[in-house]
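The structure appears right after this line, and notes come after that.
The values are calculated or read from the model by the stated rules, or taken from the named source; none is laboratory data. Source: prediction; values computed, not measured. Note that we place each Cβ from the backbone using ideal geometry, even for glycine, and neighbour counts take in every protein chain shown. The accessibility values were calculated without ligands, DNA or RNA, using every heavy atom of the protein model including side chains. Shrake-Rupley method; radii C 1.70, N 1.55, O 1.52, S 1.80 Å.
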Amino acid sequence: MTQRYDLFINNEWVKPASGEWFDSLDPFSGEGWARIPRANREDVDRAVRAAREAGDGPWAELSPSERGALLHRMGELVEANAQRLAEIESRDNGKLMSEVSGQVRYVAKYFYYYAGLADKIHGLVVPMDKPKVFNFVRYEPMGVVASITPWNSSLLLTAWKLAPALCAGNTAVCKPSEFTSASLFELAALFLEAGFPPGVVNVVTGFADEAGDALVRHPDVARIAFTGGDAGGKAVYRAAADGLKRVSLELGGKSPNIVFDDADLDKAVNGVITGIFSAGGQTCMAGSRLLLQESIHDEFVEKLLAITKSARIGDPSDPETQIGPVATRPQFEKVMSYIEIAKEEGARCAAGGRRLEGEGYGAGQFVEPTVFLDVTNDMRIAQEEVFGPVLAVLKFKDEADAIRIGNDIRFGLAAGVWTQNLHRAMLMSEKLKAGTVWINNYRSTSYTTPFGGYKDSGIGREGGMEAVREYMEAKSVWISTDLEMPSPFVRKY
């Protein structure tokens, strides 16, 4: 039976003004399983107005401790419903149940963490250089936050934005990808159950040129938090500039995973596999460029290919499956086109490179895990984000060469380093131009620490206390303690 959803605005389920719905497709079967409302500018305006009114009224009237209690209750509900949420998200984006179930349980921890921070946002008393003046700084919510998320991890990436934004006292309108909207409606139902006031959280769905553009350009949206590709991020940035809106952009990557000759090779091989083939390579932080020191290249590649070729590929709901389908048909075609581009440029396909069809592969939206050797850093396969299970292997001579190749890219989201030399580890963490550097691990994230990118990988940070500050304005308050009447024509410096 096909599930039909309505928009979630002001704590009510409302039909889209267009009267239209569209299918959400199961990436494995290729069949429509849910009907998603097609929101337009009118729906977005209703959602933003509801959020603004909540921010000016009932949400603002709650104390920080009361907001924190609601966030904690939300965490409890996510935890209690984690398996059901995971099943919906897996069906929507094809991510492995073995991964997404743990990921959704971790979403609850974001709400717990920011629940605890809600009443610990302190202002400042500033020692002044001027006599008879008392100055303090208070931090205030910005207002309505637009949360725009992609299809690869809808629930997690929404939590990255919503939890700190609500902690800071803002309200929100969420716009998930049109490919993976169902899980956000289920999350919205939990906000309703948790007891959040009407209008604090709203969900509108549809397409970028309709609902997305209207949300970014709406005059009452104060802050935009976007995760997606760099082209989409730049479009959001340009549109937001017209309204001088605050923006954070968590964009793409082409992250180097660097293995030195003193590394624990078996551990490094497993880390490289995790970095690129977990989630089918459909993650912004994928370690899609493997840099190997020349002396270990052949030995490492042999180990890498043996594991890669043994991967179990198939139905994401099967707990034994290690690699699932590509989430969308357009993305599948894009990945296959990059495989052909790499071959044309002279890279050697040492594993994979084929689309998988037939029994066990559903609608055939599968790409065999692929490894390219003989790659040079000027090739497109080494410079452009593929967002699929495709690994480019490059060689380097020494630390300086690894730093040069690692940084010779327009992205700067993440990097991995495998070495047992502490000095080398610290040097690489300093010299690599990336927002996150993992040493002897890869693809770890936490609500306690900031995440974001350098260069074309984005603006701003998510996670930790830094994320709360991203959603607040600093206000400086000056109080005169001078009882004498100052001259109206003389300004004191």
Problem - Close pairs from the stretch 29-40: first farther than 18 Å from SER183 by Cβ and open to solvent by less than 50 Å² (accessible area, probe 1.4 Å), partner modelled with pLDDT of 95 or more and of a type in the set (A, V, I, L, M), Cβ under 6 Å, at least 6 apart - result: ASN40/ALA17
Practice task
Return only the number of the condition from (1) surrounded by 24 or more Cβ atoms within 10 Å (Cβ to Cβ); (2) in contact with a Leu (Cβ under 7 Å, 6 or more places away or on another chain) that ALA327 does not satisfy.
Solution key: (2)
Problem - Residue satisfying all of: in the stretch 132-177; in a strand (DSSP E or B) and basic (Lys, Arg); least open to solvent (accessible area, probe 1.4 Å) among these - result: LYS175
Exercise for the section: Assess whether ASP129 counts as being over 23 Å from TYR447 (Cα atoms), free of Cβ contacts under 8 Å to residues at least 40 places away in the same chain, open to solvent by 10 Å² or more (accessible area, probe 1.4 Å) and part of a helix (DSSP H, G or I). Expected result: no
Practice task
Return yes or no: is GLU484 farther than 30 Å from ALA351 by Cβ and within 30 Å of the chain's Cα centre (by Cα)?
Solution key: no
Handout entry: Residue count for the stretch 178-219, restricted to those that are open to solvent by 10 Å² or more (accessible area, probe 1.4 Å), farther than 19 Å from ASP56 by Cα and not in a helix (DSSP H, G or I)
Key = 3
Handout entry: Single residue of the stretch 338-356 satisfying the filter (in a helix (DSSP H, G or I), touching a helix residue (DSSP H, G or I) at 6+ places or on another chain (Cβ under 8 Å) and closer than 20 Å to LEU304 by Cβ) that is most open to solvent (accessible area, probe 1.4 Å)
Key = TYR338
Exercise for the section: Tell me which of these PRO16 doesn't satisfy, since it passes every other one: (1) open to solvent by 30 Å² or more (accessible area, probe 1.4 Å); (2) assigned to a loop (DSSP other than H, G, I, E, B). Expected result: (1)
Exercise for the section: Name the one entry in PHE8, PHE28 that is in a strand (DSSP E or B) and among the aromatic types (Phe, Trp, Tyr). Expected result: PHE8
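Every residue, every condition in (1) of a type in the set (A, V, I, L, M, F, W, C); (2) in a loop (DSSP other than H, G, I, E, B); (3) over 21 Å from TRP151 (Cα atoms), yes or no:
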{"position": "ALA60", "(1), (2), (3)": "yes, no, yes"}
{"position": "GLU76", "(1), (2), (3)": "no, no, yes"}
{"position": "LEU85", "(1), (2), (3)": "yes, no, no"}
{"position": "ARG91", "(1), (2), (3)": "no, no, no"}
{"position": "SER98", "(1), (2), (3)": "no, no, no"}
{"position": "TYR114", "(1), (2), (3)": "no, no, yes"}
Completion exercise
Across the stretch 31-58, the tally of residues that are assigned to a strand (DSSP E or B) and hydrophobic (A, V, I, L, M, F, W, C) stands at 3
